[in-house]
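**Q** I'd like to ask some things about the structure below.
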Amino acid sequence: MLALKHGQITPTELCQKCLSLIKKTKFLNAYITVSEEVALKQAEESEKRYKQGQSLGDLDGIPVAVKDNFSTSGIETTCASNMLKGYIPPYNATVVQKLLDQGALLMGKTNLDEFAMGSGSTDGVFGAVKNPWSYSKQHREKRPLNWLIAGGSSGGSAAAVAALTCFCWDYRHVPPCLVLKAVLNRLKNSKEIQLLYLFCQSHTECVSSEYLVPELSGEVRSLWSQAADLFESQGAKVIEVSLPHTLYSIVCYHVLCTSEVASNMARFDGLQYGHRSAISVSTEAMYAATRREGFNDVVRGRILSGNFFLLKENYENYFIKAQKVRRLIVNDFLNVFNSGVDVLLTPTTLSEAVPYAEFIKEDNRTRSAQDDIFTQAVNMAGLPAVSIPVALSKQGLPVGLQLIGRAFCDQQLLTIAKWFEKQVQFPIIQLQEFMDDYSSVLDNQKLTSVSLQQ
(Lines give C-alpha, C1' and ligand atoms only; values in the text may rest on other atoms or scores of the structure.)
Protein backbone atom coordinates (compact mmCIF):
# COMPACT_ATOMS: atom_id res chain seq x y z
CA MET A 1 0.00 0.00 0.00
CA LEU A 2 2.78 2.44 0.94
CA ALA A 3 4.76 1.37 -2.14
CA LEU A 4 1.79 2.31 -4.32
CA LYS A 5 1.36 5.68 -2.62
CA HIS A 6 5.06 6.48 -2.92
CA GLY A 7 5.20 5.42 -6.56
CA GLN A 8 7.69 2.60 -5.95
CA ILE A 9 5.41 0.28 -7.90
CA THR A 10 2.35 0.99 -10.04
CA PRO A 11 -0.99 -0.81 -9.73
CA THR A 12 -0.46 -2.28 -13.20
CA GLU A 13 2.97 -3.64 -12.31
CA LEU A 14 1.66 -5.16 -9.09
CA CYS A 15 -1.31 -6.66 -10.91
CA GLN A 16 0.92 -8.20 -13.59
CA LYS A 17 3.24 -9.73 -10.99
CA CYS A 18 0.28 -11.31 -9.20
CA LEU A 19 -1.15 -12.60 -12.49
CA SER A 20 2.22 -14.14 -13.25
CA LEU A 21 2.21 -15.94 -9.90
CA ILE A 22 -1.37 -17.12 -10.47
CA LYS A 23 -0.23 -18.79 -13.70
CA LYS A 24 2.89 -20.30 -12.13
CA THR A 25 0.94 -21.69 -9.17
CA LYS A 26 -2.00 -22.97 -11.22
CA PHE A 27 -1.27 -26.48 -9.94
CA LEU A 28 -2.52 -25.38 -6.50
CA ASN A 29 -6.04 -25.17 -7.98
CA ALA A 30 -6.67 -22.07 -5.88
CA TYR A 31 -8.67 -20.26 -8.55
CA ILE A 32 -11.80 -21.33 -10.40
CA THR A 33 -11.87 -18.21 -12.58
CA VAL A 34 -9.05 -15.73 -13.27
CA SER A 35 -10.38 -12.32 -14.32
CA GLU A 36 -7.19 -11.09 -15.98
CA GLU A 37 -8.74 -8.54 -18.34
CA VAL A 38 -10.95 -7.10 -15.61
CA ALA A 39 -8.02 -6.80 -13.18
CA LEU A 40 -5.72 -5.12 -15.72
CA LYS A 41 -8.43 -2.60 -16.65
CA GLN A 42 -9.03 -1.84 -12.97
CA ALA A 43 -5.27 -1.45 -12.45
CA GLU A 44 -5.09 1.02 -15.32
CA GLU A 45 -7.90 3.09 -13.80
CA SER A 46 -6.23 2.92 -10.37
CA GLU A 47 -2.95 4.12 -11.85
CA LYS A 48 -4.68 7.18 -13.32
CA ARG A 49 -6.20 8.01 -9.93
CA TYR A 50 -2.81 7.81 -8.21
CA LYS A 51 -1.27 10.13 -10.79
CA GLN A 52 -4.08 12.61 -10.20
CA GLY A 53 -3.77 12.28 -6.41
CA GLN A 54 -7.33 10.96 -6.18
CA SER A 55 -6.92 7.53 -4.57
CA LEU A 56 -10.23 5.93 -3.57
CA GLY A 57 -8.88 4.55 -0.29
CA ASP A 58 -6.46 2.14 1.33
CA LEU A 59 -7.41 -0.69 -1.05
CA ASP A 60 -6.89 1.27 -4.26
CA GLY A 61 -4.65 -0.77 -6.54
CA ILE A 62 -4.47 -3.74 -4.16
CA PRO A 63 -5.02 -7.18 -5.81
CA VAL A 64 -7.83 -9.13 -4.14
CA ALA A 65 -9.61 -12.41 -4.83
CA VAL A 66 -13.20 -13.33 -4.04
CA LYS A 67 -14.46 -16.71 -2.90
CA ASP A 68 -16.65 -18.16 -5.63
CA ASN A 69 -19.83 -18.13 -3.57
CA PHE A 70 -19.95 -14.32 -3.69
CA SER A 71 -21.77 -12.90 -6.72
CA THR A 72 -19.66 -10.90 -9.18
CA SER A 73 -21.37 -8.97 -11.95
CA GLY A 74 -20.40 -10.30 -15.38
CA ILE A 75 -18.09 -12.97 -13.92
CA GLU A 76 -19.13 -16.60 -13.51
CA THR A 77 -20.09 -17.56 -9.96
CA THR A 78 -20.31 -21.33 -9.46
CA CYS A 79 -20.10 -22.11 -5.73
CA ALA A 80 -17.90 -24.98 -6.99
CA SER A 81 -21.06 -26.85 -8.00
CA ASN A 82 -22.54 -28.31 -11.16
CA MET A 83 -25.73 -26.54 -10.15
CA LEU A 84 -24.29 -23.11 -10.95
CA LYS A 85 -21.77 -23.89 -13.68
CA GLY A 86 -22.10 -21.15 -16.28
CA TYR A 87 -24.15 -18.83 -14.03
CA ILE A 88 -23.15 -15.18 -14.50
CA PRO A 89 -24.76 -12.85 -11.94
CA PRO A 90 -26.15 -9.48 -13.07
CA TYR A 91 -25.00 -7.82 -9.83
CA ASN A 92 -22.18 -7.73 -7.29
CA ALA A 93 -22.53 -9.01 -3.76
CA THR A 94 -22.45 -6.14 -1.27
CA VAL A 95 -19.01 -7.12 0.04
CA VAL A 96 -17.62 -7.31 -3.50
CA GLN A 97 -19.04 -3.90 -4.37
CA LYS A 98 -17.48 -2.40 -1.25
CA LEU A 99 -14.06 -3.73 -2.31
CA LEU A 100 -14.46 -2.35 -5.84
CA ASP A 101 -15.66 1.02 -4.52
CA GLN A 102 -12.32 1.27 -2.69
CA GLY A 103 -10.40 0.59 -5.93
CA ALA A 104 -9.42 -3.02 -5.28
CA LEU A 105 -8.29 -5.12 -8.26
CA LEU A 106 -10.34 -8.29 -8.73
CA MET A 107 -7.90 -11.04 -9.71
CA GLY A 108 -10.50 -13.82 -9.83
CA LYS A 109 -12.78 -16.24 -8.00
CA THR A 110 -11.28 -18.77 -5.62
CA ASN A 111 -11.99 -22.46 -5.11
CA LEU A 112 -13.97 -23.93 -2.21
CA ASP A 113 -15.97 -26.91 -1.00
CA GLU A 114 -19.25 -27.15 -2.90
CA PHE A 115 -21.53 -24.41 -1.59
CA ALA A 116 -18.94 -23.87 1.18
CA MET A 117 -19.93 -27.12 2.89
CA GLY A 118 -16.71 -28.66 4.14
CA SER A 119 -13.47 -28.07 6.01
CA GLY A 120 -10.81 -29.13 3.50
CA SER A 121 -11.72 -27.61 0.13
CA THR A 122 -11.71 -31.13 -1.27
CA ASP A 123 -15.36 -31.60 -2.27
CA GLY A 124 -15.88 -28.98 -4.98
CA VAL A 125 -16.64 -29.95 -8.56
CA PHE A 126 -13.39 -28.34 -9.76
CA GLY A 127 -11.19 -30.55 -7.58
CA ALA A 128 -9.28 -30.17 -4.35
CA VAL A 129 -7.10 -27.20 -3.42
CA LYS A 130 -3.44 -27.91 -2.67
CA ASN A 131 -1.78 -26.16 0.25
CA PRO A 132 1.17 -24.00 -0.98
CA TRP A 133 3.12 -25.00 2.12
CA SER A 134 3.25 -28.54 0.72
CA TYR A 135 5.87 -27.23 -1.70
CA SER A 136 7.66 -24.77 0.56
CA LYS A 137 11.34 -25.01 1.31
CA GLN A 138 10.55 -24.95 5.02
CA HIS A 139 8.36 -28.07 4.82
CA ARG A 140 10.33 -30.00 2.19
CA GLU A 141 13.48 -29.79 4.28
CA LYS A 142 11.65 -31.33 7.24
CA ARG A 143 9.40 -33.96 5.75
CA PRO A 144 8.53 -34.16 2.02
CA LEU A 145 5.09 -35.74 2.30
CA ASN A 146 2.30 -35.95 -0.21
CA TRP A 147 0.53 -32.64 -0.76
CA LEU A 148 -1.48 -31.16 2.09
CA ILE A 149 -5.03 -29.82 2.25
CA ALA A 150 -5.60 -26.08 2.43
CA GLY A 151 -8.47 -26.19 4.92
CA GLY A 152 -11.96 -25.04 4.18
CA SER A 153 -14.33 -24.16 3.06
CA SER A 154 -12.23 -21.19 1.87
CA GLY A 155 -9.14 -23.22 0.96
CA GLY A 156 -8.77 -21.58 -2.43
CA SER A 157 -8.77 -18.14 -0.84
CA ALA A 158 -6.23 -19.21 1.78
CA ALA A 159 -3.95 -20.76 -0.86
CA ALA A 160 -4.25 -17.68 -3.08
CA VAL A 161 -3.12 -15.38 -0.26
CA ALA A 162 -0.41 -17.75 1.01
CA ALA A 163 1.05 -17.97 -2.51
CA LEU A 164 0.95 -14.14 -2.74
CA THR A 165 -1.26 -14.15 -5.83
CA CYS A 166 -3.40 -11.54 -4.06
CA PHE A 167 -3.32 -9.72 -0.76
CA CYS A 168 -6.88 -9.96 0.48
CA TRP A 169 -9.96 -12.12 -0.01
CA ASP A 170 -13.61 -11.55 0.75
CA TYR A 171 -14.38 -8.70 3.17
CA ARG A 172 -13.53 -10.60 6.32
CA HIS A 173 -9.79 -11.05 5.79
CA VAL A 174 -7.49 -8.13 6.48
CA PRO A 175 -3.88 -8.91 5.51
CA PRO A 176 -0.95 -7.53 7.51
CA CYS A 177 -0.17 -4.70 5.08
CA LEU A 178 -3.74 -3.40 5.22
CA VAL A 179 -4.46 -3.31 8.94
CA LEU A 180 -4.99 0.26 10.10
CA LYS A 181 -2.08 1.55 12.15
CA ALA A 182 -2.83 2.06 15.82
CA VAL A 183 -0.98 3.29 18.88
CA LEU A 184 0.29 0.07 20.40
CA ASN A 185 2.23 1.49 23.32
CA ARG A 186 -0.97 1.64 25.35
CA LEU A 187 -1.56 -2.04 24.67
CA LYS A 188 1.97 -3.03 25.58
CA ASN A 189 2.06 -1.10 28.85
CA SER A 190 -1.54 -1.22 30.06
CA LYS A 191 -2.52 -3.66 32.76
CA GLU A 192 -6.19 -2.98 32.07
CA ILE A 193 -6.23 -5.15 28.95
CA GLN A 194 -7.14 -8.64 29.99
CA LEU A 195 -6.44 -11.68 27.88
CA LEU A 196 -8.69 -14.66 28.32
CA TYR A 197 -6.54 -17.74 28.08
CA LEU A 198 -8.44 -21.03 27.86
CA PHE A 199 -5.65 -23.31 28.93
CA CYS A 200 -5.42 -25.95 31.60
CA GLN A 201 -1.79 -26.39 32.57
CA SER A 202 -0.47 -29.87 33.17
CA HIS A 203 -0.52 -31.12 36.75
CA THR A 204 -3.48 -28.95 37.66
CA GLU A 205 -7.21 -29.52 38.01
CA CYS A 206 -9.36 -29.28 34.90
CA VAL A 207 -10.50 -25.67 35.18
CA SER A 208 -11.71 -23.92 32.02
CA SER A 209 -10.73 -26.95 29.98
CA GLU A 210 -13.38 -26.75 27.22
CA TYR A 211 -10.74 -26.00 24.58
CA LEU A 212 -8.10 -28.36 25.94
CA VAL A 213 -9.40 -31.42 24.12
CA PRO A 214 -7.46 -34.71 23.99
CA GLU A 215 -7.01 -34.40 20.21
CA LEU A 216 -5.09 -31.12 20.53
CA SER A 217 -1.51 -31.65 19.41
CA GLY A 218 1.35 -31.06 21.82
CA GLU A 219 2.91 -28.47 19.51
CA VAL A 220 -0.26 -26.37 19.38
CA ARG A 221 -0.65 -26.64 23.14
CA SER A 222 2.93 -25.48 23.69
CA LEU A 223 2.58 -22.50 21.34
CA TRP A 224 -0.71 -21.60 23.00
CA SER A 225 1.07 -21.45 26.36
CA GLN A 226 3.99 -19.43 24.96
CA ALA A 227 1.61 -16.94 23.36
CA ALA A 228 -0.16 -16.39 26.67
CA ASP A 229 3.20 -15.85 28.35
CA LEU A 230 4.09 -13.32 25.66
CA PHE A 231 0.95 -11.28 26.31
CA GLU A 232 1.52 -11.43 30.06
CA SER A 233 5.15 -10.34 29.72
CA GLN A 234 3.96 -7.21 27.93
CA GLY A 235 1.60 -6.16 30.71
CA ALA A 236 -1.62 -7.94 29.81
CA LYS A 237 -3.54 -9.73 32.56
CA VAL A 238 -4.01 -13.39 31.71
CA ILE A 239 -6.92 -15.23 33.35
CA GLU A 240 -8.77 -18.49 32.95
CA VAL A 241 -12.53 -18.65 32.49
CA SER A 242 -15.16 -21.16 31.46
CA LEU A 243 -17.36 -21.32 28.36
CA PRO A 244 -19.32 -24.45 29.28
CA HIS A 245 -21.84 -24.55 26.44
CA THR A 246 -19.29 -24.20 23.62
CA LEU A 247 -18.95 -27.98 23.80
CA TYR A 248 -22.32 -28.22 22.09
CA SER A 249 -21.59 -25.77 19.28
CA ILE A 250 -20.88 -28.40 16.62
CA VAL A 251 -24.15 -30.28 17.20
CA CYS A 252 -26.05 -27.00 17.47
CA TYR A 253 -24.51 -25.78 14.23
CA HIS A 254 -25.37 -29.00 12.41
CA VAL A 255 -29.07 -28.63 13.19
CA LEU A 256 -29.30 -24.91 12.43
CA CYS A 257 -27.06 -24.95 9.36
CA THR A 258 -28.73 -27.90 7.65
CA SER A 259 -32.15 -26.41 8.37
CA GLU A 260 -31.12 -23.18 6.69
CA VAL A 261 -29.58 -25.13 3.82
CA ALA A 262 -32.80 -27.06 3.24
CA SER A 263 -34.77 -23.82 3.14
CA ASN A 264 -32.40 -21.72 1.04
CA MET A 265 -31.47 -24.41 -1.48
CA ALA A 266 -35.10 -24.93 -2.46
CA ARG A 267 -34.60 -22.15 -5.03
CA PHE A 268 -32.43 -24.46 -7.16
CA ASP A 269 -35.25 -26.23 -8.96
CA GLY A 270 -34.18 -26.05 -12.61
CA LEU A 271 -36.90 -23.53 -13.40
CA GLN A 272 -35.43 -20.15 -12.48
CA TYR A 273 -31.65 -20.30 -13.03
CA GLY A 274 -28.71 -22.65 -12.78
CA HIS A 275 -28.54 -26.24 -13.98
CA ARG A 276 -31.64 -27.83 -15.54
CA SER A 277 -31.92 -31.54 -16.26
CA ALA A 278 -32.83 -32.73 -19.76
CA ILE A 279 -35.38 -35.13 -18.28
CA SER A 280 -38.84 -33.86 -19.28
CA VAL A 281 -41.24 -36.64 -18.31
CA SER A 282 -42.85 -34.30 -15.78
CA THR A 283 -42.07 -31.19 -13.79
CA GLU A 284 -41.52 -33.31 -10.68
CA ALA A 285 -39.12 -35.65 -12.53
CA MET A 286 -37.17 -32.73 -13.98
CA TYR A 287 -36.99 -31.07 -10.56
CA ALA A 288 -35.69 -34.23 -8.86
CA ALA A 289 -33.18 -34.98 -11.62
CA THR A 290 -31.90 -31.39 -11.60
CA ARG A 291 -31.07 -31.54 -7.92
CA ARG A 292 -29.58 -35.03 -8.19
CA GLU A 293 -27.30 -33.95 -11.06
CA GLY A 294 -26.51 -30.51 -9.67
CA PHE A 295 -25.64 -31.24 -6.04
CA ASN A 296 -22.98 -33.58 -4.69
CA ASP A 297 -23.60 -36.09 -1.90
CA VAL A 298 -22.55 -33.66 0.83
CA VAL A 299 -25.01 -30.96 -0.20
CA ARG A 300 -27.84 -33.43 -0.74
CA GLY A 301 -27.14 -34.96 2.67
CA ARG A 302 -27.39 -31.60 4.39
CA ILE A 303 -30.63 -30.80 2.57
CA LEU A 304 -32.11 -34.12 3.71
CA SER A 305 -30.98 -33.55 7.30
CA GLY A 306 -32.40 -30.06 7.33
CA ASN A 307 -35.75 -31.17 5.98
CA PHE A 308 -35.89 -33.81 8.72
CA PHE A 309 -35.25 -31.23 11.46
CA LEU A 310 -37.90 -28.93 10.00
CA LEU A 311 -40.66 -31.53 9.88
CA LYS A 312 -43.65 -30.47 11.96
CA GLU A 313 -43.18 -33.36 14.38
CA ASN A 314 -39.43 -32.59 14.78
CA TYR A 315 -39.35 -28.80 14.72
CA GLU A 316 -39.68 -28.23 18.47
CA ASN A 317 -37.35 -31.07 19.46
CA TYR A 318 -34.52 -30.11 17.11
CA PHE A 319 -34.65 -26.65 15.55
CA ILE A 320 -36.12 -24.76 18.51
CA LYS A 321 -33.88 -26.59 21.00
CA ALA A 322 -30.83 -25.80 18.87
CA GLN A 323 -31.79 -22.12 18.91
CA LYS A 324 -32.00 -22.27 22.70
CA VAL A 325 -28.57 -23.89 22.93
CA ARG A 326 -27.23 -21.19 20.65
CA ARG A 327 -28.50 -18.58 23.09
CA LEU A 328 -26.65 -20.35 25.91
CA ILE A 329 -23.44 -20.22 23.84
CA VAL A 330 -23.96 -16.52 23.19
CA ASN A 331 -24.54 -15.92 26.89
CA ASP A 332 -21.31 -17.74 27.79
CA PHE A 333 -19.33 -15.25 25.73
CA LEU A 334 -21.37 -12.29 27.00
CA ASN A 335 -20.70 -13.29 30.60
CA VAL A 336 -16.98 -13.53 29.94
CA PHE A 337 -16.71 -10.20 28.13
CA ASN A 338 -18.94 -8.46 30.65
CA SER A 339 -16.52 -9.56 33.38
CA GLY A 340 -13.89 -7.24 31.89
CA VAL A 341 -12.16 -9.51 29.38
CA ASP A 342 -11.12 -7.78 26.15
CA VAL A 343 -9.94 -10.63 23.94
CA LEU A 344 -9.83 -14.43 23.99
CA LEU A 345 -6.90 -16.56 22.89
CA THR A 346 -7.57 -20.11 21.69
CA PRO A 347 -6.16 -22.60 19.19
CA THR A 348 -7.47 -22.37 15.64
CA THR A 349 -7.11 -26.03 14.72
CA LEU A 350 -6.13 -29.26 16.43
CA SER A 351 -2.87 -29.54 14.48
CA GLU A 352 -1.09 -28.32 11.39
CA ALA A 353 -2.39 -29.19 7.92
CA VAL A 354 -2.70 -32.90 7.13
CA PRO A 355 -1.97 -34.74 3.86
CA TYR A 356 -4.88 -35.08 1.46
CA ALA A 357 -4.63 -38.88 1.51
CA GLU A 358 -5.12 -38.86 5.28
CA PHE A 359 -7.86 -36.24 5.23
CA ILE A 360 -10.19 -38.15 2.90
CA LYS A 361 -10.14 -41.25 5.09
CA GLU A 362 -12.94 -39.59 7.07
CA ASP A 363 -16.25 -38.44 5.60
CA ASN A 364 -17.11 -34.75 5.19
CA ARG A 365 -19.34 -34.50 8.25
CA THR A 366 -16.78 -36.15 10.56
CA ARG A 367 -13.96 -33.94 9.30
CA SER A 368 -16.04 -30.79 9.63
CA ALA A 369 -16.92 -31.67 13.22
CA GLN A 370 -13.23 -32.24 14.04
CA ASP A 371 -11.80 -29.24 12.23
CA ASP A 372 -14.40 -26.67 13.32
CA ILE A 373 -14.24 -27.46 17.03
CA PHE A 374 -12.44 -24.21 18.00
CA THR A 375 -14.05 -21.85 15.49
CA GLN A 376 -17.71 -22.85 15.31
CA ALA A 377 -18.73 -21.39 18.68
CA VAL A 378 -17.56 -17.98 17.49
CA ASN A 379 -19.94 -18.21 14.53
CA MET A 380 -22.77 -19.28 16.80
CA ALA A 381 -22.13 -16.23 18.99
CA GLY A 382 -21.72 -13.79 16.08
CA LEU A 383 -18.34 -12.50 17.25
CA PRO A 384 -15.32 -11.19 15.32
CA ALA A 385 -12.27 -13.47 15.28
CA VAL A 386 -8.94 -13.64 13.50
CA SER A 387 -6.38 -16.43 13.17
CA ILE A 388 -2.71 -15.45 13.34
CA PRO A 389 0.06 -17.83 12.20
CA VAL A 390 2.54 -17.87 15.07
CA ALA A 391 5.27 -20.41 14.25
CA LEU A 392 6.29 -23.34 12.09
CA SER A 393 5.76 -26.84 13.43
CA LYS A 394 8.49 -29.45 13.49
CA GLN A 395 7.34 -30.39 9.99
CA GLY A 396 7.86 -26.83 8.77
CA LEU A 397 4.14 -26.04 8.60
CA PRO A 398 2.23 -23.03 9.98
CA VAL A 399 0.47 -23.25 13.33
CA GLY A 400 -2.12 -20.58 14.06
CA LEU A 401 -3.85 -19.23 17.15
CA GLN A 402 -7.25 -17.56 17.25
CA LEU A 403 -8.07 -14.22 18.83
CA ILE A 404 -11.76 -13.56 19.57
CA GLY A 405 -13.09 -10.07 20.29
CA ARG A 406 -16.19 -8.43 21.66
CA ALA A 407 -19.15 -7.93 19.33
CA PHE A 408 -18.64 -4.88 17.08
CA CYS A 409 -15.17 -4.24 18.49
CA ASP A 410 -13.37 -5.31 15.33
CA GLN A 411 -10.86 -2.46 15.39
CA GLN A 412 -9.74 -3.32 18.92
CA LEU A 413 -9.34 -6.96 17.90
CA LEU A 414 -7.32 -6.06 14.79
CA THR A 415 -5.12 -3.71 16.81
CA ILE A 416 -4.24 -6.50 19.23
CA ALA A 417 -3.81 -8.98 16.36
CA LYS A 418 -1.47 -6.58 14.56
CA TRP A 419 0.67 -6.19 17.67
CA PHE A 420 0.71 -9.97 18.19
CA GLU A 421 1.69 -10.52 14.57
CA LYS A 422 4.65 -8.16 14.94
CA GLN A 423 5.81 -9.98 18.05
CA VAL A 424 5.81 -13.52 16.61
CA GLN A 425 7.47 -12.50 13.31
CA PHE A 426 6.10 -15.37 11.26
CA PRO A 427 8.27 -16.11 8.18
CA ILE A 428 7.19 -15.64 4.57
CA ILE A 429 6.60 -18.86 2.66
CA GLN A 430 9.57 -19.88 0.52
CA LEU A 431 8.52 -21.51 -2.73
CA GLN A 432 11.99 -21.87 -4.16
CA GLU A 433 10.93 -22.29 -7.79
CA PHE A 434 9.15 -18.95 -7.74
CA MET A 435 11.42 -16.91 -5.48
CA ASP A 436 12.30 -14.36 -8.19
CA ASP A 437 8.64 -13.49 -8.54
CA TYR A 438 8.13 -13.43 -4.80
CA SER A 439 11.09 -11.11 -4.32
CA SER A 440 9.62 -8.62 -6.78
CA VAL A 441 6.26 -8.65 -5.00
CA LEU A 442 7.87 -8.37 -1.56
CA ASP A 443 10.42 -5.65 -2.31
CA ASN A 444 9.16 -3.60 0.60
CA GLN A 445 8.65 -6.42 3.06
CA LYS A 446 11.32 -7.86 5.32
CA LEU A 447 11.69 -11.61 5.68
CA THR A 448 11.66 -12.38 9.38
CA SER A 449 12.34 -15.27 11.67
CA VAL A 450 10.09 -17.02 14.15
CA SER A 451 10.28 -15.82 17.75
CA LEU A 452 7.92 -18.42 19.22
CA GLN A 453 10.08 -21.51 19.10
CA GLN A 454 9.22 -25.15 19.78
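**Q** Given the options SER202, SER225, name the one that is more than 30 Å from GLY61 (Cα to Cα) and at pLDDT below 50.
**A** Matching residue, one of SER202, SER225: SER202.
**Q** Continuing with this model, one more query. Taking segment 332-350 only, how many residues are within 25 Å of the chain's Cα centre (by Cα), open to solvent by 40 Å² or more (accessible area, probe 1.4 Å) and among the polar types (S, T, N, Q)?
**A** The number of residues fulfilling the criteria is 1.
**Q** Can you name the residue in segment 238-257 that is under 20 Å from the mean Cα position of the chain (by Cα) and hydrophobic (A, V, I, L, M, F, W, C) and is also surrounded by the fewest Cβ atoms within 10 Å (Cβ to Cβ) among such residues?
**A** ILE250
Residue-wise test of (1) in a helix (DSSP H, G or I); (2) touching a residue at least 24 places away in the same chain (Cβ under 8 Å); (3) under 24 Å from the mean Cα position of the chain (by Cα).
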residue	(1), (2), (3)
ALA3	yes, yes, no
LEU14	yes, yes, yes
LYS41	yes, no, no
LYS48	yes, no, no
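For every residue, the table says whether it meets (1) farther than 25 Å from GLU13 by Cα; (2) assigned to a loop (DSSP other than H, G, I, E, B); (3) open to solvent by less than 20 Å² (accessible area, probe 1.4 Å); (4) not hydrophobic (A, V, I, L, M, F, W, C).
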| position | (1), (2), (3), (4) |
| --- | --- |
| ASP123 | yes, yes, no, yes |
| SER153 | yes, yes, yes, yes |
| SER157 | no, no, yes, yes |
| ALA160 | no, no, yes, no |
| PHE167 | no, yes, no, no |
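**Q** A follow-up question, please. Which numbered condition in (1) open to solvent by 10 Å² or more (accessible area, probe 1.4 Å); (2) assigned to a loop (DSSP other than H, G, I, E, B); (3) closer than 23 Å to LYS98 by Cβ; (4) touching a residue at least 24 places away in the same chain (Cβ under 8 Å) is the only one that GLN8 fails?
**A** (3)
**Q** Tell me which residues, restricted to segment 270-303, are in a loop (DSSP other than H, G, I, E, B) and among the charged types (D, E, K, R).
**A** Taking segment 270-303 first, the residues in a loop (DSSP other than H, G, I, E, B) are 270-282, 295-296.
Within segment 270-303, just ARG276 meets the criteria.
**Q** Shifting gears a bit: Scan segment 379-415 residue by residue and report those that are open to solvent by 20 Å² or more (accessible area, probe 1.4 Å) and among the hydroxyl-bearing types (Ser, Thr, Tyr).
**A** SER387, THR415 - these are the residues of segment 379-415 that are open to solvent by 20 Å² or more (accessible area, probe 1.4 Å) and among the hydroxyl-bearing types (Ser, Thr, Tyr).
**Q** In addition: Answer yes if at least one residue in segment 253-269 is touching an Asp or Glu at 6+ places or on another chain (Cβ under 6 Å) and not in a loop (DSSP other than H, G, I, E, B), and no otherwise.
**A** Restricting attention to segment 253-269, the residues satisfying the condition of being touching an Asp or Glu at 6+ places or on another chain (Cβ under 6 Å) are none.
No, the conditions are met nowhere in segment 253-269.
**Q** Also, I was wondering about something else. Look through segment 59-94, keep the residues that are closer than 16 Å to PHE167 by Cβ and β-branched (Val, Ile, Thr), and return whichever of them is surrounded by the most Cβ atoms within 10 Å (Cβ to Cβ).
**A** VAL66
**Q** Report, by residue number, each residue of segment 258-289 that is free of Cβ contacts under 8 Å to residues at least 40 places away in the same chain, touching a Ser or Thr at 6+ places or on another chain (Cβ under 9 Å) and either surrounded by fewer than 17 Cβ atoms within 10 Å (Cβ to Cβ) or closer than 20 Å to ALA80 by Cα (or both).
**A** Answer for segment 258-289, where residues must be free of Cβ contacts under 8 Å to residues at least 40 places away in the same chain, touching a Ser or Thr at 6+ places or on another chain (Cβ under 9 Å) and either surrounded by fewer than 17 Cβ atoms within 10 Å (Cβ to Cβ) or closer than 20 Å to ALA80 by Cα (or both): ASP269, GLY270, LEU271, ARG276, SER277, ILE279, ALA285, ALA288, ALA289.
The values are calculated or read from the model by the stated rules, or taken from the named source; none is laboratory data. Not measured: the values here are computed from a predicted model. Cβ atoms come from the backbone with ideal geometry, glycine included; neighbour counts cover every protein chain shown. Just the protein is used for accessible areas: all its heavy atoms, side chains included, with ligands, DNA and RNA removed. Shrake-Rupley method; radii C 1.70, N 1.55, O 1.52, S 1.80 Å.
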